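Just so you know, all these numbers are worked out from the coordinates, no wet-lab data involved. Keep in mind that this is a model prediction, so the values were computed, not measured. Cβ placement follows ideal geometry from the backbone for every residue including glycine, while neighbour counts extend to all protein chains displayed.
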Amino acid sequence: MSTLQVREVDYLDPRQAAELVDLLDAYARDSAGGGQALSDFARSNLPAQLAARPAAFSVIAYDGEKPVGLVNCIEGFSTFACRPLVNVHDVVVIASHRGAGVGRLMLERVIELSHRRGACKLTLEVLSGNRSAIALYEKLGFAPYQLDPSMGQAQFFQLWL
């Protein structure tokens with residue numbers, strides 16, 4: 001593997017926008033991402049929609065000039081801390097580069113960018129069967145969310161609209 005580097009994405013740069021969409025589509029097609037390709041709508045509109053949201057930021061990892069990983073983040077707000085938080089929404093590493101430290105490098109950059117935004121914490125969701133991702137997150141200091149242990153751990157729910 002040549003030199004790995006992580007760059008913040010300029011959503012308006014056509015090359016970076018295409019790389020973001022291609023990496024996210026590869027993740028969507030993977031079993032960890034649901035096994036379905038991105039819709040034509042998402043492929044056509046995602047970079048512009050992210051660019052329109054100042055709360056969004058992404059990083060791409062490159063092996064030389066080859067894009068090999070992506071992290072998409074969306075800033076939210078912690079009412080308890082009265083500070084921003086950052087939700088790590090997608091973590092993508094292409095199959096050929098898994099286990100090579102790409103995810104760690106990208107998340108370290110996300111942590112740095114989140115500090116600059118004044119964030120109090122990072123949040124993310126992960127499928128329970130994705131053991132390698134869970135191991136990475138735990139090494140970086142992520143832990144299941146709970147307030148009072150007697151109330152148990154938080155669970156992630158969704159409602160499609």
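So the values come out like this:
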| quantity | calculated |
| --- | --- |
| For the chain, built as a Gaussian network whose Cα springs stay under 10 Å, the top-fluctuating residue of Gly101, Gly76, Gly129 | Gly129 |
| Dimensionless Rg over Rh [the chain; C-alpha; Kirkwood] | 0.95 |
| Helix 40-51 axis, angle to the chain major axis (alpha carbon atoms, nearest 10°) | 70 degrees |
| Helix 102-116 axis, angle to the chain major axis (alpha carbon atoms, nearest 10°) | 60 degrees |
| Residue-by-residue Karplus 3J(HN,Hα) for region 24-35, coefficients 6.51, -1.76, 1.60, Hz, glycine and proline x | 5, 5, 4, 5, 4, 6, 6, 4, 5, x, x, x |
| Sorted peptide list for 26-34, 83-91, criterion being average Cβ within 10 angstrom, highest first | 83-91, 26-34 |
| Which of Leu4, His115, Ala32, positive extreme of dipole for region 4-142 (C-beta unit charges) | His115 |
| Residues in region 106-142 reached by a label modelled at Ala81 [backbone nitrogen below 14 Å; 7 Å Cα→Cβ] | 111-124, 141-142 |
| Approximate spin-label separation Glu138-Ala48, in nm, with each point projected 7 Å along Cα-to-Cβ | 4.4 nm |
| Potential lengthening between Asp22 and Arg104 on full extension [0.36 nm per residue; Cα-Cα distance subtracted] | 27.5 nm |
